[in-house]
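Data first, discussion second: the structure below is written as structure tokens.
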Amino acid sequence: MAQPSTLLALIFISLISSSFCCPADQKQALLQFKSFFFNTSISNSSSDSSLFGLGSWNSTNLDCCTWDRVVCDSSSRAVIALHLDSVSSPLSLEPKILSTEVLTPLFHVKTLILLDISFNSITGEILGDGFLNLTKLVHLDMKQNSFHGSIPTQLFSLRFLEYLDLSGNSLSGILSPQVGFLGNLKELIMEENFFHGKIPEEIGNLTKLQQLSLQLNEFHGGIRSSLLNLNELQVLDLRNNSLSMSIPPEIGNLTKISILAFSKNNFTGGIPPSIQNMSNLETLKLDYNMLSGEIPSWLFTISKLRNLFLGGNNLNWNNNAKVVPKCMLSQLSLQSCGLAGEIPEWISTQKNLVFLDLSENQLEGGFPNWLAEMEVGSIILSGNKLSGFIPPRLFQSLNLSVLMLSRNNFSGQLPGNIGDANGIMILMLAANNFSGPIPVSLSKIDSLIMLDLSRNRFSGNTFPVFSPDSLLAVVDFSSNEFSGGIPLTFSQEIRILGLGNNKFSGPLTQNLTYLSKLQLLDLHDNKITGEMPAFLSEISPLQVMNLRNNSFIGSIPKEFSNLTSLRILDLSCNNLTGKIPIEVGNLPGMTDTPDKLSSYSNLFTFSIGFNDVFVNWKKSIQGLPCHTLEVYSFLDLSRNQLSGQIPASLGGLKALKLLNVSNNRLSGEIPESLGDLESVESLDLSHNKLSGTIPQTFIKLQELTTLDVSNNELAGEIPVGGQMNTMNDPNDYANNSGLCGMQIGVQCPEKLPLVKPQEDKGEDEEESRFSWEGAAVGFPLGFFLSIAIIWLTGYLVPARQPNGQLQKKDFEGGFDPKFIKGGDPNHRPGF
């Protein structure tokens, strides 16, 4: 039996120990949060709490002040900070999807000064009432979740709040004037949401504000005059909104500003002269507005200026101005600014330059040697009139990661040492006059992601052999003079392969299925022979397959229906025979309009510049911009020797914008089910042996703008109603057996018997007007390459990650030096 003195000692020690532990109610609240975390998740990836950084949170560990992610006051032992960022998304697991109820226990920790729940997957409306308990909050970080709805007014009662970050959510509504109650606020970050309306005048009450970031929302109107009262402001980021009117002339009164970013709005007028008073200005982003006038030379006298973006306006460069910069720029974008003559030599004084964009100007002359020697990381000179050879010295650079010289007049062979530039990720040399073979040294560039050599005069049949596990994802060799068999020397990571409009010949081999991640295959206008290969159906990610204008024979493989993502299929201008498989009507990618696809170029902070895809439809050649192809679906089987009836199953392809089966030997009646093609805009059934009447169901085609049923054996009245009333070009009904109707000015008799089908008159060799031409390869596709890409250079930006995926963050034309967003509360996103 223990002595009384021993018992007293144990009790005393217990009391002393408990006095140095966190309060029991707070410990219980945190354990309840952990329990909610695992029990309320919509998708539970693992029950191992250690994987989520909560392994130390357990009842046997008496003092919650010793737990990971918890900070306590040194004297009171009360919990004052919770660093719960990225709890739901450990790198080894799929992110959990959490409801907002998971936060309820945290609202009982009333001593909190800092709460960071960023980079989780919390979804739902913000629980405003709970924040009424957290009256001591100074720092609140809720970025990169899936909160939606409006900001609850309770947040605006947190009078000690100095830092508020709600960016990267789906919040909407107006920004309440009550935001002006947060008088101690120093940083307000609300970018990447869906806020709209005008920026409230009351935001001018936040006189301690140092950072205001509202980019990537839907604000409109002008810049409020009250903003000019924010004398402590250092960062003003209003990019990617719909703001308009002129930039206030007094904007230069904000003399502490270091970052002024107004890109991608609708601002008009000139660049305010008062900006030269901003002696602390380091970053000026005014690109992609409607600014006009001359670019002032005084911009280059701002000694601290490091990043200047003026492209995409109506600004004009004074080519006679003598520029003597007092600044040392890191990034310079003068895209579409009217530069003429040779590349300005004053740029050679900018020894720290890492990003140069002079694209879409009128620059002439050669690629200067001094530029090749500058070790610039990204050089974008596309869309000029530059000529001559590329200096081999350029590829000795250790920093070169992006080289875009498309649409110039460069000529000659590519330097043999091009493979020495082992840091290149993007090499785009399209639409020049380069010739000769492709240097095999290109295969040495391990970091290469995109390679575009299209629309040149390259030739030969020898190609670089890339490592199977290289990062190369986009290859465009189209519109050159390559010959021989289809090259299969690319990596397994290839997503886009453009080899169209060359002289490739021979049959396709099954080795092509090695490219198991391929999403676009473009082989149009070559001399490829053999049967249409069914093995292409094994490349399951295919979304676009263009085999037009080759010499394929045989039937259309029914196995193509296994390509569940296929949205564009062009088999026109071949020698295909047999019937159209009914299975083609079951292609899911043509049945439903796809969700918006992310663009590979969205990983980068500049425009990749893929070419438009040209389609020959609506009676003229039209280019479809890359970003629109996510909602387009085409099926073109024209100019073959297909026979039999048009399958009724094609009516199930409700996402089709274009259906072209012209110039075949199809017979029978037009299926009434084609009236179910609710999205079709162009429908060409001409030059076949179709009989019967035009289905009355065609009046349901509300999107129809072009219809051609000419050169068939159709008879009867042309349907009246809907868009059919506008299909009134007589040529689109010509050479049939007895069509009548208001569209062609031929009156119908009261009863018109159907005309018997006539004998085959032979094929009309007229070129179809609606066939799809893959004139270029670029279009937005979803790519999910290794995260290792991001670490290859400091000039890539991972973006908003509500679900742990890379998305668009900053896309106005420059690289982001801070390319990894961490938990640093001083981080300034997007710069």
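Taking θ as phi - 60°, what are the ³J(HN,Hα) couplings along the stretch 253-261 by the Karplus curve (6.51, -1.76, 1.60), each to the nearest whole Hz, with x for Gly and Pro?
For the stretch 253-261, the Karplus-derived couplings read 5, 7, 6, 8, 4, 10, 10, 10, 10 Hz, x marking Gly and Pro.
Rounding to the nearest 20 debye, state how big the charge dipole of the stretch 493-554 is about its Cα centre with +1 on each Lys and Arg Cβ and -1 on each Asp and Glu Cβ.
Computed about the Cα centre, the dipole is about 120 debye.
Given +1 on the Cβ of Lys and Arg, -1 on the Cβ of Asp and Glu, and no further charges, what dipole in debye does the stretch 244-354 carry about its Cα centre, rounded to the nearest 20?
Roughly 300 debye, rounded to the nearest 20.
So if each residue of separation counts as 0.36 nm, and I subtract the Cα-Cα distance between Arg69 and Val324, what length gain in nm does that give?
Answer, rounded to one decimal: 86.6 nm.
For a test of the definition: using alpha carbon positions, the gyration tensor, and the 1.5 limit on a/c, classify the stretch 244-354 as rounded, prolate or oblate.
Taking the square roots of the gyration eigenvalues as a ≥ b ≥ c, the stretch 244-354 is oblate.
Which of the residue pairs Lys264/Lys654; Lys322/Lys385; Lys208/Lys285; Lys326/Lys385 have a Cα-Cα distance greater than 32 Å in the structure shown?
Violating the 32 Å Cα-Cα cut-off are Lys264/Lys654.
For the cross-link pairs Lys27/Lys198; Lys27/Lys143; Lys198/Lys700; Lys527/Lys689, which exceed 32 Å when the distance is taken from alpha carbon to alpha carbon?
Listed pairs above 32 Å: Lys27/Lys198; Lys198/Lys700.
Arranged by the count of other C-beta atoms within 10 angstrom, fewest first, what order do Phe458, Phe634 take?
Phe458, Phe634
Sort the following peptides by mean Cβ neighbour count (other Cβ atoms within 10 Å, averaged over residues), highest first: 169-181, 487-499.
487-499, 169-181
Of the peptides 28-35, 296-303, how do they stack up when ordered by the mean number of other Cβ atoms within 10 Å, highest first?
The densest-packed peptide leads the list: 28-35, 296-303.
Given labels modelled 7 Å from the Cα in the Cβ direction, how far is it in nm from Lys304 to Thr60?
Here the answer is 5.5 nm between the modelled labels.
Please compute the modelled spin-label separation between Ile174 and Thr255, points set 7 Å along Cα→Cβ, answer in nm with one decimal.
With each label point 7 Å from Cα toward Cβ, the separation is 3.6 nm.
May I ask what percent, to the nearest 5, of DSSP beta bridges between residues of the stretch 336-455 are antiparallel?
The antiparallel proportion sits near 0 percent.
With each label point set 7 Å from Cα along the Cα-Cβ vector, what nm distance links Gln28 and Lys136?
Distance between the two pseudo-spin positions: 1.9 nm.
Arranged from highest to lowest average of other beta-carbon atoms within 10 Å per residue, in what order do the peptides 699-709, 545-555 appear?
Per-residue Cβ counts within 10 Å, averaged per peptide and sorted highest first, yield 545-555, 699-709.
What residues have an amide H closer than 5 Å to that of Gly692, excluding those fewer than 5 places away on the same chain, when H is modeled at 1.01 Å from N in the peptide plane?
Excluding prolines and chain starts, which carry no amide H, the hits are Ala715, Val755.
If R0 is 25 Å, what FRET efficiency do you get for Thr726 and Gln645 from their C-beta distance, rounded to 0.05?
E(calc), rounded to 0.05, equals 0.35.
Can you give the FRET efficiency to the nearest 0.05 for Arg159 and Met245, using r as the Cβ-Cβ distance and R₀ = 45 Å?
After rounding, the FRET efficiency stands at 0.85.
I want to make sure I understand the PRE zone here: with the label point 7 angstrom from the Cα of Gln276 toward its beta carbon, which residues in the stretch 298-316 have backbone N atoms less than 11 Å away?
Those under the cut-off are 298-302.
Asn575 to Ser435: extension gain in nm, 0.36 nm per residue of separation minus the Cα-Cα distance?
My answer for the length gained is 47.1 nm.
Taking +1 at the Cβ of each Lys and Arg and -1 at the Cβ of each Asp and Glu, which of Leu310, Thr349, Ser246 sits farthest along the dipole of the stretch 244-354 towards its positive end, judged by Cα position relative to the Cα centre?
Going by the charge dipole, the pick is Thr349.
Every number here is computed from the coordinates shown, using simple stated rules; none is lab data. The structure displayed is predicted, hence computed values, not measured ones. All Cβ positions, even for glycine, are placed from backbone atoms using ideal geometry, and neighbour counts span all protein chains on display.
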